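Notes follow once the structure below has been shown.
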Amino acid sequence: MSRRRTVIGNWKMNPTTIAEAFTLARARRGTPHQGVELGIAPPSVALSAVAGALRGSDVLVFAQDVHWEEKGAYTGQVSALMLRELAHGAIVGHSEVRRDQGDDDARVAAKATAALRAGLHVIYCLGESYDQRERRETDAVLARQVRDGVAAIDRGALADGERIAVAYEPIWAIGTGEAATPDQAAAAIAVLRAELRRCGLEGDAIPVLYGGSVTGDNAAEFARAEGVDGALVGGASLKQEEFARIVAAFR
Ligand code: 13P
């Protein structure tokens with residue numbers, strides 16, 4: 001089955017000035033990416049500047065997180081209704097957000113529902129920890145994250161599933177320089193797709209990205225791996241040349 005290919009740069013809490021974010025985003029406009037959906041997820045304070053820098057280009061803007069309510073007394077949060085003026089979509093369920101804000105699968109599903117209802121696209125992150133992999137619980141953890149998370153997204157909001165992609169990000173591979181092997185990624189993604197199907201979702205149609213220490217050197221292996229439709233890139237997405245190599249690997 002042919003699925004859309006997507007590479008997204010998750011800048012996390014970088015860079016530290018809006019001017020720099022603008023300059024980085026301007027540079028990304030020139031990244032050749034024919035055949036690949038290309039996106040950038042800057043910090044929320046830089047969304048407006050980055051959206052401006054990318055206006056008129058087909059490089060997409062993503063938020064790194066979104067709240068599950070539309071508005072109200074939620075200090076420090078940003079809602080999907082606010083984002084839709086600035087962003088094409090939102091990442092939800094990133095392990096760093098789960099860790100720092102206590103998000104569980106149900107809350108991530110609620111965030112995804114809110115984003116989809118507002119018309120945004122969603123990159124739904126999940127993945128096992130080092131300890132879970134060591135205990136050979138990876139498959140069970142992934143299946144649970146699909147069942148209690150992705151499959152708990154409101155089906156009306158999910159509609160035909162065209163606006164969601166899943167990102168498999170093993171926590172032990174994030175920012176460590178120790179990427180999963182392409183075989184490990186392929187095996188995990190096969191488990192994810194099987195569970196999506198079991199839950200009545202279009203497991204074979206939903207794109208699945210890999211994330212975790214993707215570099216210019218290893219991207220081509222992931223691009224060839226079974227079931228990997230793209231990459232969610234952290235550290236390497238801040239470096240123009242290296243990010244361009246990663247994008248090129250998926251073209
Ligand atoms: P790194 O590419 O820095 O490992 O980060 C991956 C990630 O968390 C992307 O969302």
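The values are calculated or read from the model by the stated rules, or taken from the named source; none is laboratory data. Worth saying up front: this structure is predicted, and the values here are computed from it rather than measured. So basically every Cβ, Gly included, is an ideal-geometry build from the backbone, and we count neighbours across all protein chains shown. For the accessible areas, the whole protein counts, side chains as well, though only heavy atoms, and no ligand, DNA or RNA atoms are used. Shrake-Rupley method; radii C 1.70, N 1.55, O 1.52, S 1.80 Å.
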For the stretch 213-224, enumerate the residues that are crowded, with 19+ Cβ neighbours inside 10 Å and either among the aliphatic types (A, V, I, L, M) or modelled with pLDDT under 95 (or both). VAL214, ALA219, ALA223
Would you check if ARG163 is touching a residue at least 60 places away in the same chain (Cβ under 8 Å), more than 16 Å from the ligand (Cβ to nearest atom), of a type in the set (D, E, K, R) and out of contact with any Cys (no Cβ under 7 Å at 6 or more places or on another chain)? yes
Looking only at the stretch 1-26, and only at residues there that are of a type in the set (Gly, Ala, Ser) and open to solvent by less than 80 Å² (accessible area, probe 1.4 Å), the one that is nearest to TYR168 (Cα to Cα): GLY9
Tabulated pairs, the stretch 76-96, first open to solvent by 10 Å² or more (accessible area, probe 1.4 Å), second assigned to a helix (DSSP H, G or I) and within 16 Å of the ligand (Cβ to nearest atom), C-beta under 6 angstrom, 6+ apart or interchain: VAL78/SER44; SER95/ILE171
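Suppose the filter is over 19 Å from GLY230 (Cβ atoms), within 16 Å of the ligand (Cβ to nearest atom) and not in a loop (DSSP other than H, G, I, E, B); does LEU24 pass it?
On the way: over 19 Å from GLY230 (Cβ atoms): yes; within 16 Å of the ligand (Cβ to nearest atom): yes; not in a loop (DSSP other than H, G, I, E, B): yes.
It is true that LEU24 is over 19 Å from GLY230 (Cβ atoms), within 16 Å of the ligand (Cβ to nearest atom) and not in a loop (DSSP other than H, G, I, E, B).
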Restricting the stretch 196-248 to residues that are β-branched (Val, Ile, Thr) and without any contact (Cβ under 8 Å) to a residue 40 or more places away in the chain, the one farthest from the ligand (Cβ to nearest atom) turns out to be THR215
